[in-house]
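For reference, the structure is listed below as structure tokens.
The values are calculated or read from the model by the stated rules, or taken from the named source; none is laboratory data. None of the values given here were measured: they were computed from a predicted structure. For neighbour counting, all protein chains shown are included, and Cβ atoms are generated from backbone atoms with ideal geometry for every residue, glycine included.
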């Protein structure tokens, strides 16, 4: 039979164990009154950038010490979003100097050259970026656009096809933020949409091909006979939606 003294000791030990476990559990739970973790300058810059507060983003990124290739590239992007191409170019070059094989910054430097209408130089930078990152749909897309602006439609189509093979949704995304920019601005919009229709038709992506045919017509593409003559559109010509499009006289936008 257990004495009252020993029983009291056992009960006390049990309560101590229970109390210790409760204390440990309480320590493991987040304290709602404790201050939130302070964001780093780069994290603040990313938030400002996402909110299109580019000036504030630049100031935040510049607080990162020492500067990194990534933050220098992000500063370049923020400047480019404000159409300050000279400053963007300077920061991309600084990023590349820190990290010579930084494909994203090399690509972005190509987009600056493209914006300056230096299409040959843009082509050179995109090729250099692809040599480092050969599985980038975005860079292939940019290279295709550079070739298109140089009126080399065959090379442009080849690059667009390669981009689609890597990422079938590369042309349907419209984000220009992150660490790599995508260049979609072309002067011959009607012809661009026609060639995109061909690329999608060749890949069997009929719905998107039809959308780009409509876009081409709305942008003023006049040569409808090409839709009947090109082999790439053979599969589309069997669809009733294709016939409907060809009967339309869309208002040129």
Q | Breaking point among (1) modelled with pLDDT of 95 or more; (2) within 30 Å of residue 126 (Cβ to Cβ), for residue 50 | A | (1)
Q.
Considering only segment 106-127, I want to know if a residue exists there that is over 26 Å from residue 194 (Cα atoms), over 18 Å from the mean Cα position of the chain (by Cα), outside any helix (DSSP H, G or I) and modelled with pLDDT of 95 or more.
A. no
Q) Exactly one of (1) closer than 17 Å to residue 111 by Cβ; (2) without any contact (Cβ under 8 Å) to a residue 40 or more places away in the chain; (3) in contact with a helix residue (DSSP H, G or I) (Cβ under 8 Å, 6 or more places away or on another chain) is unmet by residue 60. Its number? A) (1)
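Looking at residue 76, is it within 18 Å of the chain's Cα centre (by Cα), surrounded by 22 or more Cβ atoms within 10 Å (Cβ to Cβ) and over 15 Å from residue 108 (Cβ atoms)?
Working: within 18 Å of the chain's Cα centre (by Cα): yes; surrounded by 22 or more Cβ atoms within 10 Å (Cβ to Cβ): yes; over 15 Å from residue 108 (Cβ atoms): no.
Judged against the criteria, residue 76 is not a match.
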Q: Restricting attention to helices (runs of 4 or more DSSP H) lying wholly within segment 134-253, give those where 1 or more residues are farther than 30 Å from residue 79 by Cα.
A: 153-166, 189-202, 206-218, 225-229, 240-247
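Rundown of residues vs (1) closer than 15 Å to residue 242 by Cβ; (2) touching a residue at least 40 places away in the same chain (Cβ under 8 Å); (3) surrounded by fewer than 21 Cβ atoms within 10 Å (Cβ to Cβ); (4) within 28 Å of the chain's Cα centre (by Cα), yes/no style:
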| position | (1), (2), (3), (4) |
| --- | --- |
| 194 | yes, no, no, yes |
| 197 | yes, no, no, yes |
| 200 | yes, no, no, yes |
| 207 | yes, no, yes, yes |
| 218 | no, no, yes, yes |
Q) Looking at segment 43-57, which of the residues that are in contact with a helix residue (DSSP H, G or I) (Cβ under 7 Å, 6 or more places away or on another chain) and closer than 19 Å to residue 87 by Cα is surrounded by the fewest Cβ atoms within 10 Å (Cβ to Cβ)? A) 56
(Q) Being out of contact with any helix residue (DSSP H, G or I) (no Cβ under 6 Å at 6 or more places or on another chain) and buried (at least 19 other Cβ atoms within 10 Å of the Cβ) is the filter here; which residues of segment 158-167 pass it? (A) 164
